[in-house]
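S.K.: I'd like to ask you about the structure that follows.
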Number of protein chains: 2
Amino acid sequence: MINAGDMNGSGNLMDFLDEPFPDVGTYEDFHTIDWLREKSRDTDRHRKITSKSKESIWEFIKSLLDAWSGWVVMLLIGLLAGTLAGVIDLAVDWMTDLKEGVCLSAFWYSHEQCCWTSNETTFDDRDKCPQWQKWSELLVSQSEIKTILSGFIIRGYLGKWTLLIKTVTLVLVVSSGLSLGKEGPLVHVACCCGNFFSSLFSKYSKNEGKRREVLSAAAAAGVSVAFGAPIGGVLFSLEEVSYYFPLKTLWRSFFAALVAAFTLRSINPFGNSRLVLFYVEYHTPWYMAELFPFILLGVFGGLWGTLFIRCNIAWCRRRKTTRLGKYPVLEVIVITAITAIIAYPNPYTRRSTSELISELFNDCGALESSQLCDYINDPNMTRPVDDIPDRPAGPGVYTAMWQLALALVFKIVITIFTFGMKIPSGLFIPSMAVGAMAGRMVGIGVEQLAYHHHDWIIFRNWCRPGADCVTPGLYAMVGAAACLGGVTRMTVSLVVIMFELTGGLEYIVPLMAAAVTSKWVADAFGKEGIYEAHIHLNGYPFLDVKDEFTHRTLATDVMRPRRGEAPLSVLTQDSMTVEDVETLIKETDYNGFPVVVSKDSERLIGFAQRRELILAIKNARQRQDGVVSNSIVYFTEEPPELPPNSPHPLKLRRILNLSPFTVTDHTPMETVVDIFRKLGLRQCLVTRSGRLLGIITKKDVLRHMAQMANQDPESIMFN
Amino acid sequence: MINAGDMNGSGNLMDFLDEPFPDVGTYEDFHTIDWLREKSRDTDRHRKITSKSKESIWEFIKSLLDAWSGWVVMLLIGLLAGTLAGVIDLAVDWMTDLKEGVCLSAFWYSHEQCCWTSNETTFDDRDKCPQWQKWSELLVSQSEIKTILSGFIIRGYLGKWTLLIKTVTLVLVVSSGLSLGKEGPLVHVACCCGNFFSSLFSKYSKNEGKRREVLSAAAAAGVSVAFGAPIGGVLFSLEEVSYYFPLKTLWRSFFAALVAAFTLRSINPFGNSRLVLFYVEYHTPWYMAELFPFILLGVFGGLWGTLFIRCNIAWCRRRKTTRLGKYPVLEVIVITAITAIIAYPNPYTRRSTSELISELFNDCGALESSQLCDYINDPNMTRPVDDIPDRPAGPGVYTAMWQLALALVFKIVITIFTFGMKIPSGLFIPSMAVGAMAGRMVGIGVEQLAYHHHDWIIFRNWCRPGADCVTPGLYAMVGAAACLGGVTRMTVSLVVIMFELTGGLEYIVPLMAAAVTSKWVADAFGKEGIYEAHIHLNGYPFLDVKDEFTHRTLATDVMRPRRGEAPLSVLTQDSMTVEDVETLIKETDYNGFPVVVSKDSERLIGFAQRRELILAIKNARQRQDGVVSNSIVYFTEEPPELPPNSPHPLKLRRILNLSPFTVTDHTPMETVVDIFRKLGLRQCLVTRSGRLLGIITKKDVLRHMAQMANQDPESIMFN
């Protein structure tokens, strides 16, 4: 019933939205995309395909293919990301084997002696460093991915060469023993896959908004394969990475993560057919009284997060501003050398970080030979293997304690300097290692306290002699979660990742308590997580979903032109010549110009993009006869009445955005920020009772927010 | 630096935003709230408290209390919801014990014989039905909660009496053996707790937007205690229930769910100190070839979802439209009677649904006495208890198979008629039961096929004789996930809930595969999940986040007035008398009126709410001397110049919303829908080159969407 009118109306509209010249609707490098525009362009494309699909079978098949291309892209991303992760894992193993040519035993990673040898050869590896650092000239951290997903254009950052270099360097970095994790680079690798596959389908390659949906799902697939945590990956993408489309991409992210995890499992690089990275099995439940040390670990995690973010950002700022930044290769070599030399003497820093975490998480069984499990056994007791009561610590445990303490300090310091170097780097594994070391020490402390003082009131109820009441491995797990939470400020996704990593479903409450505490403590010192901090450091225009804007400023305080500034550069709908427009374009560097009825009335008609104006005029001058510098540019539906001998007018209504976003000058900035954030706007026009007053761009909003937070507004550098 | 100007500007603004008369800023029943307005009111309140907090220590403490009140509310909700869930579980046990007075054995639920007796007494219980149905006159389903969270006002739905009645009836319903789950009612109970506690803090009681944040978190706590799945609960709230604030409430929802789960665990109603409802432990991994039956189960789940939604909605529509709806108590009695009579002969429908699911999920150990585990053992084999190879099925399994088939058909039919009756009802448990029965049957089928035909190509690689390759319990789990997904269309939260319920972390991929398939199949037949379907059935104004609007209509096609209709009712800024305004209010029933400069220029100044106009005029007539019917109502900052003897004018600028939301008439409806959805608008004004053309309300948007989907636009009943 309304459809007929709908179709009629659409014919009209089609003219304006047709894209007659190439490059219309693209963006320049280091600019922000306009989400609303991208979305409506995609709907147009979709409608065209749907209406065409009724014409022939071939068109119908094409429309089906188009509808399924999203899933196909997800499938391909999942397959490639999973395969690459598998290849990387296998290659890391192979590289590690190369290092260990001296070791005769085949079971190198359970054999303490062999690890000694393997780490001596780290010096050989270090000699190779200059070679591979040459390949890795890309600063690689999650912050760029996050900014791109928020609608920023950084060309080449997700290209094919990046994918290749990244994959190769990741193998080298992970096997080199630096204090870095692989989740950040794997997210980047997965996003490169996503970018590559989305370039194969016009639905995604031609629409920057749709492309970001794919990248968001790819990020989930990246975390999924980095840890074997598909659900955690999806949540991580939702909570930390994605910007504009949480629920919509959830479902596809889920699919991509599933396929990636499944592919990785089929390749089976760890040889245990488990998805889980650190499988743990504890034999005792936890007790209410233990919540106190868990919360203490949460506090530690929050403090670590604050310390790490402040020191790391200060160091990265120094790197950016001083001459240090000019020698990235030298920096990597020095840090690698220091890591190798200091890490070598301590058995807990010598081995790979994943193995360390794995050992710290483990419960001490009866057959465990690790130094951490060197307890004094009661020779009179014969109990089943699994259920060992608390025992006094032996000399090995005491040695382990001070070695762990030293390792903890070293790890804290070296991670601060390592993250942010110009090599592929993730933060999860080092953060978890810091937390796991602290947690294990606290755990052993509580265990010994409970053993020696089981008559204290707090222990009396749940820790009788001969009972297995404290599991130090659980403390390590809780500590790891707390430290990871302090650095990244993840909440729900953190707990999900932790229990996907460990399979420890029974310990949700301790994990949650530690995560909550850690976030509270860290937030008390500063709201920014490490990724947001790096985004600010680099001056990217990222409008954080989590930031609250609570100041009383109004749109009129933020809009340009300010009082005393030159009036707003506008186009009129039917009185400017081509030359006028060209002069305006030449003299200003704005991204677009509002179009008004006339300079007097200032009533807003629409908005024209600078890039499209340039293209349209260039195109008209080349092709259309009669369009000269004197031609009138008109944005109305019908050309203005012209004197008989005047040159041919230039019709530009089709590049005019007839629905520019407007707010009144009295709109609170809080609402404006909300609108920019939720609708993904690039600019917004300010009116008062129908008259155009000014314009607010995303950069203006970000600078205003920086100013209100007493930060330097000039730190926001891009549009 | 900008702060000074900010403070100056704010003094001005304060006047307009002060609330001089009571009830300003409240809503009428069955109306939708304006999210942007609620948000900006809360920011104002927050700013006032912050600026006051510098005045004295007492004010500072008050501001601290205010900042923490959110967490306090969450804590209280968690504690109360957890306690109520524990009390309900204990009371259900006690009621079940009451029923089983005849049973002498204390271990009634592991004792088959005792269950026989217990179910005979169901007839006694049925006799009590009329008593408790009198208490339960509230239609109870998730759809109302979802609509309220989207910003709709239904008074009394979350009151204290509802909480009490709900808690009592839930005990009765769950112990009565009807084909219903407890998660829906527990979500409602938790929301009532949330509503109660938020009424204690002015921050929440006076702001409908903030209150909905609390309710959203409370819904998460409800799911958390219904299943012992805190993370799944948070995701469920995010994916299915919440509307406007996904990321913001995530963190608090997480806290509430944590506290609720923890409280429930402390009460420990199931006596096993586990959070997990159905703990399973399988001893064999799954194999690639098994994906085929898993996907088949996904297809079954999708079909079941479609069948259930269509039939249930058809039945509920019949209940609404025919005389059937007038006898809710009779309907409940009849359905309970039919359930009791037909369920009685079949052992699988006779026991409680949770126990049934538990048994179906279980792997057959060597000591299992269940009929489902009646396999023929090889007397020559002596193997460890856990690792039993596939065996041929015994007569018990065959009996179980046809009993399960009958139970499946019965469960499908009875659930369709039961859900939506006027008693507290959830859908998770019955849906899972349907899926678990189908899954177990498929599992046993595959197992026997693999045993008898282990030389077939598909089995040869992974299922040699003497190997334990097929776990029928896993199929039941996968089937349950598929059926739950088909009905609710959950995705990520479904998988998280399933593995929180079962602790089966290794089986993410099968669960995901089934969930994906089930959603695809069900979506092919219709996009609506059961909750959306019930919302549509009831005509609530719910703008679904997941619906895509892809038609080419423009704002001008949807706005009122349409062509040929009377012109838009507007107020002018300084030329109408109090009487004119009162007449306009009397003659129309709009929720608000745009204010323009003059009827000729039609340039928009702001928007005034009907409710506040009425209150302001009433207030002015009562108090302010000189305001009479002839007084000029003015919305400008300064009163107009009036002739000397004219009556005292009425200044109404403070109730004027100076930043009404506007779009141009050329804005695509797709963008308008997006704006309504993301910003939670109630209405939006339509302009063309600064002139007011018309208005679009949320109801207009919903009606237009219904029309474009070829549904009856009159089905949207409320504002």
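S.K.: Given the options B:443, B:420, name the one that is on the phi > 0 side of the Ramachandran plot and assigned by TED's automatic domain parsing to the domain that holds residue B:293. So that I can check it myself, show each step before the final result.
M.R.: Working: B:443 fails: on the phi > 0 side of the Ramachandran plot.
Sole residue among the options that is on the phi > 0 side of the Ramachandran plot and assigned by TED's automatic domain parsing to the domain that holds residue B:293: B:420.
S.K.: Among the residues in segment A:558-576, are any at negative phi, in contact with a His (Cβ under 7 Å, 6 or more places away or on another chain) and in a helix (DSSP H, G or I)?
M.R.: Yes, the conditions are met somewhere in segment A:558-576.
S.K.: Select from segment A:577-607 the residues that are assigned to a strand (DSSP E or B), under 30 Å from residue B:601 (Cβ atoms) and open to solvent by 20 Å² or more (accessible area, probe 1.4 Å) and list them in ascending order. First the steps, then the outcome.
M.R.: Taking segment A:577-607 first, the residues assigned to a strand (DSSP E or B) are A:577, A:592-596, A:603-607.
Narrowing the set further to residues that are under 30 Å from residue B:601 (Cβ atoms) leaves A:592-596, A:603-607.
Selection gives A:603, A:605.
S.K.: Looking only at segment A:610-626, how many residues end up being modelled with pLDDT under 85 and closer than 21 Å to residue A:693 by Cβ?
M.R.: 0
S.K.: Looking only at segment A:483-505, filter to residues that are in contact with a helix residue (DSSP H, G or I) (Cβ under 6 Å, 6 or more places away or on another chain) and among the small types (Gly, Ala, Ser); which one of those is nearest to the other protein chains (Cβ to nearest Cβ)?
M.R.: So, considering only residues that are in contact with a helix residue (DSSP H, G or I) (Cβ under 6 Å, 6 or more places away or on another chain) and among the small types (Gly, Ala, Ser), the one nearest to the other protein chains (Cβ to nearest Cβ) is A:503.
S.K.: Then there is this: Take the residues in segment B:643-656 that are touching a residue at least 24 places away in the same chain (Cβ under 8 Å) and assigned to a loop (DSSP other than H, G, I, E, B); name whichever of them is least open to solvent (accessible area, probe 1.4 Å).
M.R.: B:652
S.K.: Moving to a separate point now. Keeping to segment B:547-570, report how many residues are more than 9 Å from chain A (Cβ to nearest Cβ) and open to solvent by less than 70 Å² (accessible area, probe 1.4 Å).
M.R.: 7
S.K.: Does segment A:506-529 hold any residues that are in contact with a Ser or Thr (Cβ under 9 Å, 6 or more places away or on another chain), more than 10 Å from every other protein chain (Cβ to nearest Cβ) and at pLDDT below 85, and which are they?
M.R.: Those that are in contact with a Ser or Thr (Cβ under 9 Å, 6 or more places away or on another chain), more than 10 Å from every other protein chain (Cβ to nearest Cβ) and at pLDDT below 85: A:526, A:529.
S.K.: Regarding residue B:48, is this residue in a loop (DSSP other than H, G, I, E, B) and modelled with pLDDT of 75 or more?
M.R.: no
S.K.: Shifting gears a bit: Yes or no: segment A:679-698 includes at least one residue that is touching a Gly at 6+ places or on another chain (Cβ under 7 Å), without any contact (Cβ under 8 Å) to a residue 40 or more places away in the chain and of a type outside the set (Lys, Arg).
M.R.: For segment A:679-698, residues touching a Gly at 6+ places or on another chain (Cβ under 7 Å), without any contact (Cβ under 8 Å) to a residue 40 or more places away in the chain and of a type outside the set (Lys, Arg): absent.
S.K.: Another question, then. Evaluate the following for residue B:690: is it open to solvent by less than 20 Å² (accessible area, probe 1.4 Å) and facing chain A (nearest Cβ under 8 Å)?
M.R.: Taking the combined requirement at face value, the residue satisfies it.
S.K.: So which residues in segment A:662-680 are open to solvent by 20 Å² or more (accessible area, probe 1.4 Å) and either more than 7 Å from chain B (Cβ to nearest Cβ) or acidic (Asp, Glu) (or both), if there are any at all?
M.R.: The one that is open to solvent by 20 Å² or more (accessible area, probe 1.4 Å) and either more than 7 Å from chain B (Cβ to nearest Cβ) or acidic (Asp, Glu) (or both): A:677.
S.K.: Still on this structure, I have one more. Taking segment A:186-205 as the region of interest, how many residues are surrounded by fewer than 24 Cβ atoms within 10 Å (Cβ to Cβ) and farther than 15 Å from residue A:162 by Cβ?
M.R.: Here the count works out to 5.
S.K.: Further, regarding this structure: Can you confirm whether residue B:638 is part of a helix (DSSP H, G or I) and either open to solvent by 40 Å² or more (accessible area, probe 1.4 Å) or not hydrophobic (A, V, I, L, M, F, W, C) (or both)?
M.R.: When the stated conditions are applied, residue B:638 does not pass them.
S.K.: Please determine whether any residue of segment B:269-278 is more than 11 Å from chain A (Cβ to nearest Cβ), within 18 Å of residue B:511 (Cβ to Cβ) and at pLDDT below 75. Lay out the reasoning, then the answer.
M.R.: Here is the first cut: in segment B:269-278, the ones more than 11 Å from chain A (Cβ to nearest Cβ) are B:269-271, B:277-278.
Next cut, within 18 Å of residue B:511 (Cβ to Cβ) only: B:277-278.
Still in the running and at pLDDT below 75: B:277-278.
Checked against the condition, which is being more than 11 Å from chain A (Cβ to nearest Cβ), within 18 Å of residue B:511 (Cβ to Cβ) and at pLDDT below 75, segment B:269-278 yields at least one hit.
The values are calculated or read from the model by the stated rules, or taken from the named source; none is laboratory data. The model shown is predicted, which means the values in this text are computed figures rather than measured ones. Neighbour counts are summed over all protein chains in view; Cβ atoms, including those assigned to glycine, are modelled from backbone coordinates with ideal geometry. Note: areas computed on protein heavy atoms with side chains; ligands, DNA, RNA excluded. Shrake-Rupley method; radii C 1.70, N 1.55, O 1.52, S 1.80 Å.
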